[in-house]
Amino acid sequence: MNLNKAMLIGRLTRDPEMRYTQSGTAMTRFGMATNRYGTGPDGERKEFTDFHNVIAWNQGKRNLAEICAQYLHKGSLVYVEGRLQTRSWEGQDGQKRTTTEINANDVQFLESRGAGGGGGGGAVADDEFQPTSGGAGSGGPAAVANGGGGAAASGGGGGEEIDPDDIPF
């Protein structure tokens, strides 16, 4: 039996970038930072930050890539669920490059639209962008793709917030 599943709660380190493949499929890339705590070399409790690259795709009637590009921004707090994917390519300098990314199949917005340093207002017409119950903030968390639920609230260890000003890029 095999399992390839990643679940993260963190903040975007940059604004999402949406592009289209040659076949016309939309995909959105964004960076994400998560915090964890451990013991540093001096034996003191220390906070560590991990950085992740995330890709969201439009798949059939699920407009996950478009919704992420439209509603997320640098500093947004999100829950991402997906699988790890490693890919390789040859760079322009002829060197082989490799990266590991989270291929998202669910993204949940964990803040109201006005929180986190901005965010758009206005009506949402997409059926897949629905508020869930048990809200944090004024409008509750918004869920994308699988219709939501409370999964992000029980995501154990790593739910500490990252201050967007602490992100180095």
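The values are calculated or read from the model by the stated rules, or taken from the named source; none is laboratory data. Because the structure is a prediction, the values reported are computed rather than measured. In this analysis, Cβ positions are derived from the backbone assuming ideal geometry, glycine residues included, and neighbour counts consider all displayed protein chains. With ligands, DNA and RNA removed, areas are computed over all heavy atoms of the protein, side chains included. Shrake-Rupley method; radii C 1.70, N 1.55, O 1.52, S 1.80 Å.
Before moving on, here are some points about what is shown:
- Other residues lying with their Cβ under 9 Å from the Cβ of Ala26 contribute a combined charge of 0, Lys and Arg counting +1, Asp and Glu -1.
- Whichever lysines have a C-alpha closer than 24 Å to that of Lys61, once near sequence neighbours (fewer than 8 apart) are set aside: Lys5
- As a fraction of the 1.4 Å probe accessible area of the stretch 1-108, surface on carbon and sulfur atoms comes out at 44 percent.
- Cα gyration tensor shape of the stretch 1-117, rounded if a/c is under 1.5, else prolate or oblate by comparing a/b with b/c: oblate
- Protection proxy ranking, highest mean first, for peptides 13-25, 94-106: 94-106, 13-25, where packing is the per-residue count of other beta-carbon atoms within 10 Å, averaged.
- Count Lys and Arg as plus one, Asp and Glu as minus one, and take only other residues whose Cβ is under 15 Å from that of Thr39; the net charge is then 0.
- Most tightly packed first, judged by the mean number of other beta-carbon atoms within 10 Å of their residues, the peptides 28-35, 41-48 read 28-35, 41-48.
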